[in-house]
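Remarks on the structure that follows.
Nothing in this text is a laboratory measurement; each read-out follows from the coordinates by a stated rule. These numbers were taken from a predicted model, which means no experiment stands behind them. Neighbour counts run over all protein chains shown; Cβ positions are idealised from the backbone, glycine included.
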Amino acid sequence: MHWATIPCLMVFGLTMVFTTTRRVTMGRCTPPNCSKHEPNSTCRDPCVGYYCVNSTLVTETCLNITDPKCSVSFADPNQPYPGCCGAVVCSGG
């Protein structure tokens, strides 16, 4: 077996698991119906992640920054959650 075959198969296998358990919606999206075992979804409009945990819907959103010394950096509105959230950067002092 060629040395690159095993890593390629591992990546392909992980990709298949990732794509079957998560749905990325680039437009306005709705939460999955957890009772019907629909796939999880991450959205960019609104910037939110919807996940089913034990048939219960869990919603994740970006942090709400209230500290005036902090701001959001590297947020990409074209990416699904959490990429559309960006990172929080705070100045010292």
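Below is a table of values for the structure above.
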quantity	calculated
Residue 67 paired with residue 79, simple spin-label distance in nm, labels 7 Å along Cα-to-beta-carbon	2.2 nm
Relative contact order for the stretch 23-90, counting Cα pairs under 8 Å that sit 6 or more residues apart, in percent	28 percent
Residue-span extension gain [residue 45 to residue 30] - 0.36 nm each, minus C-alpha spacing	4.4 nm
